[in-house]
Amino acid sequence: MTTTRPVSRRSLATVLTAAAAMALVAGAGVAPADAAPKKDRPLAAAMQPTVDAVHAAGAVGVVAAVEMPGASCVGAAGYRDLEKGLRAGPQDRARFSSVTKAMTATLAMQEIEAGHWTIDTTIDDILPGLYPGHGDVTVGQLLNHTSGMPDAIWALMEGRDFWDITPDLLRRVVGRTYTEREIVDVARTLDWLFAPGADMAYSNTGYVVLSLMLEKQTGQPIEKLMKQRIFTPAKMNQSWLGDSALTRGRTLVDYGRWDGAPVRITVDESIFSGAAAVYAQADDVTKFYDALLGGRLVGKKYVDLMSTPTGAAARYGYGYGLYTIPDPCPAADGSTARLVGHDGAGFGSQAVAFASPDGTRKVAMAWTGRSYRQDAPPLPIDDFIVTAFRTTCPTKPATSGGPGRSGDGTGSLRF
């Protein structure tokens, strides 16, 4: 097969609108503001309506966390398991899909900080022969999607457009187990997209290759490496990197939306590896950003490298595993401030996680019920992000705009 689908980074708003409103799932399960500690109640009272609104607009289940200076809160709405009538709770785990990329990028930066790699280390330096003809692709190009490596997802989906994916095809593709090398082998049947460094095309397979390189370098499977070097030091005690269809404890069930009732989707996370397989509580994800931006996972020099848009990815605001969006709050000098983070979309769920560069203001949200209808209206995810950051602006909030209003809007399909 030689058909592939080049994918470029799009604006946050376009990414978020892919999971869209269809019909109200009755009976939101929420975390009332009066259940929060007294100091956190104003923040919880401001945030819970935005979480409820995402559910009311069509999401099946929603979990969210906000941490700002002096206050924090968690919230939930809708259903963890629709068929069983089980409501979502603030401490339920959810799949944070491509938010995982920031964590895998952190592992790569740890290798660079330790002197084992550089940003210019190549695939062939670590795994000679893994990708014949393209072994000169660098760690940096894999991290910021400028390698030109095609994404195996689209070959597995029979080359179909996203909006033409059916429930039966989805179950067939995501319901089986893959090895990381099998994913790479599938990608190798596709045409290379462009010369490395010449452009940007979002590639989950690039992060699967990074996972293989990390495993070779450290002698540890990526799941164990993520636990030892990300989850444990960040105190993410309710997080794991999935490698099968198994979940743990209270976890939101993935759902897709076509016509009619939401369709339950069981995903074997081996299809994503270090690209998009992290399950976590929402407040665990804010802990990750606190640890990363606070310099506890990798030094500030490397955090800055991750979050600085670079090369052909710069016009999309993408750095090495993190990208930037406008902060609803201006900088102290009145200029446009930036937030850093990542979004993601699984086959039955989506997520966002952003923070101020100093790590003091953080949000995370995941929701289920991704729409496969191109004409479906958007969910109000921007309202959640804007409300969260404006609530504790260190300076006077901007009167208009917010995240996700810039970018090329080309409609890439993020996982």
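The values are calculated or read from the model by the stated rules, or taken from the named source; none is laboratory data. All figures in this text were calculated on a predicted structure; none of them were measured in a lab. As a convention, Cβ positions derive from the backbone with ideal geometry for all residues, glycine included, and neighbour counts pool all protein chains shown.
Answer yes if at least one residue in region 111-121 is crowded, with 21+ Cβ neighbours inside 10 Å and either within 27 Å of ALA345 (Cα to Cα) or of a type in the set (Lys, Arg) (or both), and no otherwise.
So far as region 111-121 goes, no, none of its residues is crowded, with 21+ Cβ neighbours inside 10 Å and either within 27 Å of ALA345 (Cα to Cα) or of a type in the set (Lys, Arg) (or both).
What is the number of the single condition among (1) within 28 Å of ILE119 (Cβ to Cβ); (2) crowded, with 23+ Cβ neighbours inside 10 Å that GLY219 does not meet?
Only one criterion is unmet by GLY219, namely (2).
Report, by residue number, each residue of region 107-138 that is among the charged types (D, E, K, R), in contact (Cβ under 8 Å) with a residue 60 or more places away in the chain and within 23 Å of PRO150 (Cα to Cα). If you could, list the steps in order and put the result at the bottom.
Taking region 107-138 first, the residues among the charged types (D, E, K, R) are 111, 113, 120, 124-125, 136.
With in contact (Cβ under 8 Å) with a residue 60 or more places away in the chain added as a condition, the list becomes 111, 113, 136.
Answer for region 107-138, where residues must be among the charged types (D, E, K, R), in contact (Cβ under 8 Å) with a residue 60 or more places away in the chain and within 23 Å of PRO150 (Cα to Cα): just ASP136.
Quick check on this structure: which one of VAL186, VAL208 is hydrophobic (A, V, I, L, M, F, W, C) and over 21 Å from the mean Cα position of the chain (by Cα)? Before you say what the answer is, go through the steps one by one.
Numbers: VAL208 fails: over 21 Å from the mean Cα position of the chain (by Cα).
Among VAL186, VAL208, only VAL186 is hydrophobic (A, V, I, L, M, F, W, C) and over 21 Å from the mean Cα position of the chain (by Cα).
Among the listed residues THR395, THR324, THR391, which satisfies the condition of being out of contact with any helix residue (DSSP H, G or I) (no Cβ under 6 Å at 6 or more places or on another chain) and touching a residue at least 24 places away in the same chain (Cβ under 8 Å)? Steps first, answer last, please.
Values: THR324 fails: touching a residue at least 24 places away in the same chain (Cβ under 8 Å); THR391 fails: out of contact with any helix residue (DSSP H, G or I) (no Cβ under 6 Å at 6 or more places or on another chain).
So the residue among THR395, THR324, THR391 that is out of contact with any helix residue (DSSP H, G or I) (no Cβ under 6 Å at 6 or more places or on another chain) and touching a residue at least 24 places away in the same chain (Cβ under 8 Å) is THR395.
Answer yes or no: is there a residue in region 329-342 that is part of a loop (DSSP other than H, G, I, E, B), within 23 Å of VAL62 (Cα to Cα) and not β-branched (Val, Ile, Thr). Step through it out loud before you land on a result.
Applying the first criterion (part of a loop (DSSP other than H, G, I, E, B)) to region 329-342 yields 329-337.
Remaining after also requiring within 23 Å of VAL62 (Cα to Cα): none.
Checked region 329-342: no residue is part of a loop (DSSP other than H, G, I, E, B), within 23 Å of VAL62 (Cα to Cα) and not β-branched (Val, Ile, Thr).
List pairs: first residue in region 36-61 and within 23 Å of LEU86 (Cβ to Cβ), second residue among the acidic types (Asp, Glu) anywhere in the structure, Cβ distance under 6 angstrom, at least six positions apart or on different chains.
If the second residue must be among the acidic types (Asp, Glu), the pairs left are THR50/ASP383.
Name the single residue, out of those in region 223-264 being of a type in the set (Gly, Ala, Ser) and surrounded by fewer than 19 Cβ atoms within 10 Å (Cβ to Cβ), that is modelled with the lowest pLDDT. Outline the logic, then answer.
Kept after step one, since they are of a type in the set (Gly, Ala, Ser), are these residues of region 223-264: 234, 239, 242, 244-245, 249, 256, 260-261.
Those still in the list that are surrounded by fewer than 19 Cβ atoms within 10 Å (Cβ to Cβ) too: 244-245, 249, 260-261.
Values: SER244: 86, ALA245: 83, GLY249: 86, GLY260: 88, ALA261: 92.
By that ranking, first place goes to ALA245.
Which condition number in (1) under 18 Å from ILE381 (Cβ atoms); (2) at pLDDT below 95; (3) of a type in the set (Gly, Ala, Ser); (4) part of a helix (DSSP H, G or I) is the one that ALA53 fails?
All conditions are met except number (2).
Looking for something of a type in the set (A, V, I, L, M, F, W, C) and buried (at least 22 other Cβ atoms within 10 Å of the Cβ) - is there at least one such residue anywhere in region 313-323? Reasoning before the result, please.
Of region 313-323, the ones of a type in the set (A, V, I, L, M, F, W, C) are 313-314, 322.
After this cut, where a residue has to be buried (at least 22 other Cβ atoms within 10 Å of the Cβ) as well, the list is 313, 322.
Yes, there is a match, as at least one residue in region 313-323 is of a type in the set (A, V, I, L, M, F, W, C) and buried (at least 22 other Cβ atoms within 10 Å of the Cβ).
Report yes if some residue within region 287-309 is outside any loop (DSSP other than H, G, I, E, B), under 13 Å from the mean Cα position of the chain (by Cα) and in contact (Cβ under 8 Å) with a residue 12 or more places away in the chain; otherwise report no. Talk me through it step by step, then tell me what you get.
Taking region 287-309 as the starting set, the residues that turn out to be outside any loop (DSSP other than H, G, I, E, B) are 287-293, 300-307.
This time we only want the ones that are under 13 Å from the mean Cα position of the chain (by Cα), so: 288-289.
Of the ones still in play, those that are also in contact (Cβ under 8 Å) with a residue 12 or more places away in the chain are 288-289.
Yes: one or more hits.
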